[in-house]
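Peer 1: The structure's right below; bear with me while I get my questions together.
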Amino acid sequence: MKLPSLYITGTGQPFVWMHGMLNSVESDSLYSLINFNRLAKLVSVVRYDNCNKSATGNYSWDATTRELLSVADSQNYDSMILAGCSMGSGTAIHAAVQFPERVKALILVTPPPAWEMRGDIKTIYNKIAAKADRDTIPEFLKRLIGQNQDPPEYFEQQHPGTRQQLLQHRLSFDPRYYSQIYRGGAASDLPDRQLIAKIKVPTLIVAQLSDENHPFEMAQQIHSLLKNSELVTVSDYSEYLNLQEKVSNFVRLVISDNKS
């Protein structure tokens, strides 16, 4: 497996972030519910593009979990704080189930639909993948990606133009990438509930009530399974700013526990 290029800022405890579907290091640098620059003052923030954005990569969550383990092994990370958005949080959960001894804490941002909620999504993703497997990005897919409301309106009002810049990034992949990323999503799901319930590390779950693609019910279900978890919602810019303080405090506590 060819390792992805790593983008590392800060020093100390490894904090490995995994992006969401159709996102990348570049797009997450424009907008994320987590402020990486602030975290880099506390930890070593490690980011990378899954499969280096390859048009032939395997983007199933099983494969992205193996990629994460390879990254950790290459950097000799014995313990990590794992964090991710949507697809990335799915990878983080799989990793915490598969190698719990190396995961010190989790931050799960807008967890993706899973289990009973994922059946229709898998069907839709397979249809998109079949239609998108061509040398140019089809118009229907451009329209579909353009309907995404990232960032939320409260962020766009404070940082005008972010939504258009994000759209440009999401339409800049190799055309064959899109069929691969949707096939990966169609082939993916979270581990069984009983396996997730065995995760013991401190976990912060972040949800947006207005995010139809990431139902609040999903975040609630994961919260109910993880006994050492906290669920936080973000619905306006003030709560977004408050979240940054909460994330920083959460990370400080994890670091403190590591030293004790």
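Peer 1: Please give the length that would be gained between Tyr154 and Trp115 if that part of the chain were fully extended, namely 0.36 nm times their separation in residues minus their C-alpha to C-alpha distance (nm, one decimal).
Peer 2: 11.0 nm
Peer 1: In Å, the Kirkwood hydrodynamic radius of segment 133-238 over pairs of distinct alpha carbons?
Peer 2: 16.5 Å
Peer 1: Of all GluC sites (Glu not before Pro) in segment 171-260, which ones are in loop regions per DSSP and have a Cβ with at most 11 other Cβ atoms within 10 Å?
Peer 2: Glu212
Peer 1: In whole angstrom, how long is each semi-axis of the equivalent ellipsoid of segment 1-136, when you take the square root of 5 times every eigenvalue of its Cα gyration tensor and sort them from largest down?
Peer 2: Taking √(5λ) for each eigenvalue gives 25, 16, 15 Å, largest first.
Peer 1: OK, next. Per 0.36 nm of contour for each residue apart, how much would the distance between Arg38 and Ser256 grow if the chain were fully extended, relative to their Cα-Cα spacing?
Peer 2: Gain on stretching Arg38 to Ser256: 76.7 nm.
Peer 1: Using the Kirkwood radius over Cα pairs, work out the Stokes-Einstein diffusion coefficient for the chain at 10 °C and 1.306 mPa s, in µm²/s as a whole number.
Peer 2: 86 µm²/s
Peer 1: Per residue, how much space in cubic angstrom lies within the convex hull of the C-alpha atoms of segment 53-113?
Peer 2: About 84 Å³ per residue, rounded to a whole number.
Peer 1: Let me ask something else. Over what distance in Å are the Cα centres of segment 111-143 and segment 184-260 separated?
Peer 2: So the separation of the two Cα centres works out to 25 Å.
Peer 1: Turning to a different aspect of this structure: From Cα pairs below 8 angstrom and at least 6 apart in sequence, can you work out the relative contact order of the chain, rounded to a whole percent?
Peer 2: Values: 452 pairs, mean separation 58.7, N = 260.
Over the chain, the number comes to 23 percent.
Peer 1: For segment 84-172, take N as its residue count and report Rg(C-alpha) divided by 2.2 N^0.38 Å.
Peer 2: This ratio for segment 84-172 stands at 1.36.
Peer 1: Also, I was wondering about something else. Enumerate by residue number the trypsin sites (Lys or Arg not before Pro) in segment 201-260 meeting two conditions: DSSP loop (anything except H, G, I, E, B), and at most 11 other Cβ atoms within 10 Å of the site's Cβ.
Peer 2: Details: sites: Lys227, Lys246, Arg252, Lys259; in loops: Lys227.
Of the trypsin sites (Lys or Arg not before Pro), the ones in loops of segment 201-260 whose Cβ has at most 11 other Cβ atoms within 10 Å are Lys227.
Peer 1: For segment 110-160, with equal point scatterers placed on the C-alpha atoms only and solvent neglected, what are the log10 I(q)/I(0) values from the Debye formula at q = 0.22, 0.24, 0.31 1/Å, to two decimals?
Peer 2: Debye intensities relative to I(0), on a log10 scale: -0.93, -0.97, -1.10.
Peer 1: Going by alpha carbons, how many degrees (0 to 90, nearest 10) lie between the helix axis of 216-225 and the longest principal axis of the chain?
Peer 2: 40 degrees
Peer 1: Same structure, new question: Can you tell me the orientation of helix 87-98 relative to the chain, as the angle in degrees between its alpha-carbon axis and the longest Cα principal axis, to the nearest 10?
Peer 2: It is inclined by approximately 50 degrees.
Peer 1: Taking the DSSP beta bridges in the chain as the whole, what percent of them are antiparallel, to the nearest 5?
Peer 2: Percentage antiparallel, nearest 5: 15.
Peer 1: Let me have the relative contact order for segment 204-252, percent, based on Cα pairs under 8 Å that are six or more residues apart.
Peer 2: Values: 44 pairs, mean separation 19.5, N = 49.
Relative contact order for segment 204-252 comes out at 40 percent.
Peer 1: Helix 119-132 versus the longest principal axis of the chain: what angle, 0 to 90°, nearest 10, using Cα atoms?
Peer 2: Computed tilt is about 50 degrees.
Throughout, read-outs are computed from the coordinates displayed, never taken from laboratory work. Everything quoted here is computed from the prediction, not taken from an experiment. Every residue, glycine as well, gets a Cβ built from its backbone with ideal geometry; the counts of neighbours run over all protein chains shown.
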